[in-house]
Amino acid sequence: MKYLNDQMKMRVKLLELLLGEGWNVEPAGGATGEAYIARAGDRRIFLKRNSSPFLAVLSAEGIVPKLLWTKRLENGDVITAQQWVYGRELKSSEMNRTDVAQLLSKIHRSSELLDMFKRIGNTPLTPEWIIEDLQNQLFHLSSSHPLLQRALAYLSKYRELVQPPRMVVCHCDINHNNWMVSQAHNLYLIDWDSATVADPALDLGLLLYWYIPEAEWDEWLHDYGLPMEENLFFRMHWYVISQTLHSIIWHLNRNEAEEADAWLNDLQQLIDKVNASTSEFPGE
C-alpha cells in the first residue's frame with residue numbers, strides 16, 4: 001500500500017510540473033486510479049492517464065466533455081485534459097430519460113467511433129469469446145456454485161442464436177454513475193475504459209434490466225429507435241446472464257461473499273425466467 005501511495009504522489013507531482021506554476025493536482029478517485037482533478041484558482045480541468053485512444057472522436061461528437069489537449073510524457077504515458085463540467089451524475093431513477101436512449105443510440109450508430117476501433121485493432125466481443133473467457137475463469141475458481149455451471153451451459157447451448165445483425169461500439173459499463181448531466185443540461189456518457197465492439201444488445205440489456213421496468217421497455221426502445229422484437233429480447237437476456245456470471249466470479253475471486261450472493265440471486269431470477277417462459281426462449 002505504501003508503494004501505491006508513493007506512486008500516486010509521484011504521478012501527482014509529474015502532472016503539476018506538466019501544468020506549470022499555480023496548478024494543484026489531486027486524485028479524482030475511481031476504480032483505475034488514473035483520473036485527476038487539476039485546480040488553479042477558479043479554473044479546473046479533468047486529467048486522465050492513458051485514457052481511451054478515441055477520446056478525440058468522443059469529444060468531437062459531444063459524447064464526453066470537450067478534449068482540451070493530449071500530451072505524451074517521456075515515460076510513454078499519455079495525459080489527456082478535458083473541460084471541467086459542472087454537473088451531476090444521473091440517479092438510477094433517471095435512466096428512463098429520453099435523452100439517455102437517444103445518446104446511447106447515437107453512440108451505437110456512430111460510424112466514426114466504429115472506424116476508430118477498427119483502426120486500433122479492437123477485437124470484437126463475440127459470444128464465442130465470452131463463453132471461452134467464462135470457462136477459463138470458472139476453471140480457475142477455487143469453489144463454484146452449481147448455478148454458475150447451469151448459466152454457462154445455457155450460454156453455450158444458445159450461442160449460435162446470439163448473432164447480432166450488426167456490431168457497434170458498446171460502452172459496456174452503462175451504470176448510472178457514468179452518465180453526467182451538466183448545468184447547461186447537456187448529457188454525457190463518461191469512463192470509456194471498458195468499451196469494445198460488440199452486439200448493441202449488450203448495452204441495451206444491461207441498461208433495461210437494471211433500470212427500466214419491463215412494461216416500459218417498448219417506450220424506451222422507441223426513443224432509442226428500435227422495436228422490441230423476440231430476437232432482440234433473447235439476445236439481451238443472453239448478455240445479461242453472461243455479465244451477471246462475470247460479476248459473480250469477479251466478487252468470488254476477491255472473497256466478497258455478500259456481493260457475490262446478491263449477484264447469485266439475480267442470476268437465479270434470470271434462469272427462472274428462462275424456465276418459466278418457453279415461448280420467449282428458442283429451443284426451451
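The values are calculated or read from the model by the stated rules, or taken from the named source; none is laboratory data. These numbers come from a predicted model, not from an experiment. Cβ placement follows ideal geometry from the backbone for every residue including glycine, while neighbour counts extend to all protein chains displayed.
Among strands (runs of 3 or more DSSP E) lying entirely in the stretch 160-235, which contain 2 or more residues that are under 24 Å from residue 87 (Cα atoms)?
179-182, 187-189
When you go through 120, 130 one by one, which is the residue that is assigned by TED's automatic domain parsing to the domain that holds residue 260 and either farther than 30 Å from residue 187 by Cβ or out of contact with any His (no Cβ under 9 Å at 6 or more places or on another chain) (or both)?
120
If I filter the stretch 27-38 for residues that are part of a strand (DSSP E or B), surrounded by fewer than 17 Cβ atoms within 10 Å (Cβ to Cβ) and outside the structural domain of residue 208 (by TED's automatic domain parsing), do I get at least one hit?
Yes, the stretch 27-38 contains at least one residue that is part of a strand (DSSP E or B), surrounded by fewer than 17 Cβ atoms within 10 Å (Cβ to Cβ) and outside the structural domain of residue 208 (by TED's automatic domain parsing).
Out of 224, 209, I need the residue that is over 26 Å from residue 131 (Cβ atoms) and not assigned by TED's automatic domain parsing to the domain that holds residue 51. Which one?
On inspection, the qualifying residue turns out to be 224.
Just one of the numbered conditions (1) in contact (Cβ under 8 Å) with a residue 60 or more places away in the chain; (2) more than 24 Å from residue 162 (Cβ to Cβ) is not true of residue 107; which one?
(2)
Of all residues in the stretch 225-251, which are surrounded by 24 or more Cβ atoms within 10 Å (Cβ to Cβ) and more than 22 Å from residue 150 (Cβ to Cβ)?
none
May I ask you to list pairs of residues, at least six apart or on different chains, whose Cβ atoms are under 8 Å apart, with the first in the stretch 248-264 being farther than 23 Å from residue 209 by Cα and the second being among the hydroxyl-bearing types (Ser, Thr, Tyr) and not in a helix (DSSP H, G or I)?
Matching pairs, first to second residue: none at all.
Go through (1) touching a Phe, Trp or Tyr at 6+ places or on another chain (Cβ under 6 Å); (2) within 27 Å of residue 45 (Cβ to Cβ) for residue 86 and report which single condition fails.
Going through (1) touching a Phe, Trp or Tyr at 6+ places or on another chain (Cβ under 6 Å); (2) within 27 Å of residue 45 (Cβ to Cβ) one by one, residue 86 breaks only (1).
Could you check the stretch 107-128 and list, in sequence order, the residues that are surrounded by fewer than 17 Cβ atoms within 10 Å (Cβ to Cβ) and under 26 Å from residue 218 (Cα atoms)?
Listed by number, the residues that qualify are 109, 111.
Here is a check on your reading of the model: is residue 82 buried (at least 19 other Cβ atoms within 10 Å of the Cβ) and either more than 30 Å from residue 213 (Cβ to Cβ) or free of Cβ contacts under 8 Å to residues at least 24 places away in the same chain (or both)?
Here the answer is yes, as residue 82 does meet what is asked.
Can you tell me which residue within the stretch 175-196, out of those that are of a type in the set (A, V, I, L, M), modelled with pLDDT of 95 or more and within 15 Å of residue 106 (Cα to Cα), is nearest to the chain's Cα centre (by Cα)?
Applying the filter and picking the extreme gives 189.
Among the residues that make up the stretch 12-21, is at least one of them at pLDDT below 90, outside the structural domain of residue 174 (by TED's automatic domain parsing), part of a helix (DSSP H, G or I) and among the basic types (Lys, Arg)?
So far as the stretch 12-21 goes, yes, one or more of its residues are at pLDDT below 90, outside the structural domain of residue 174 (by TED's automatic domain parsing), part of a helix (DSSP H, G or I) and among the basic types (Lys, Arg).
Say whether the condition of being farther than 16 Å from residue 100 by Cα, polar (S, T, N, Q) and in the same structural domain as residue 238 (by TED's automatic domain parsing) is met by at least one residue in the stretch 171-179.
No, the conditions are met nowhere in the stretch 171-179.
Here is a list: 195, 184, 151, 201. Which entry is closer than 25 Å to residue 29 by Cβ, crowded, with 17+ Cβ neighbours inside 10 Å and among the aliphatic types (A, V, I, L, M)?
195
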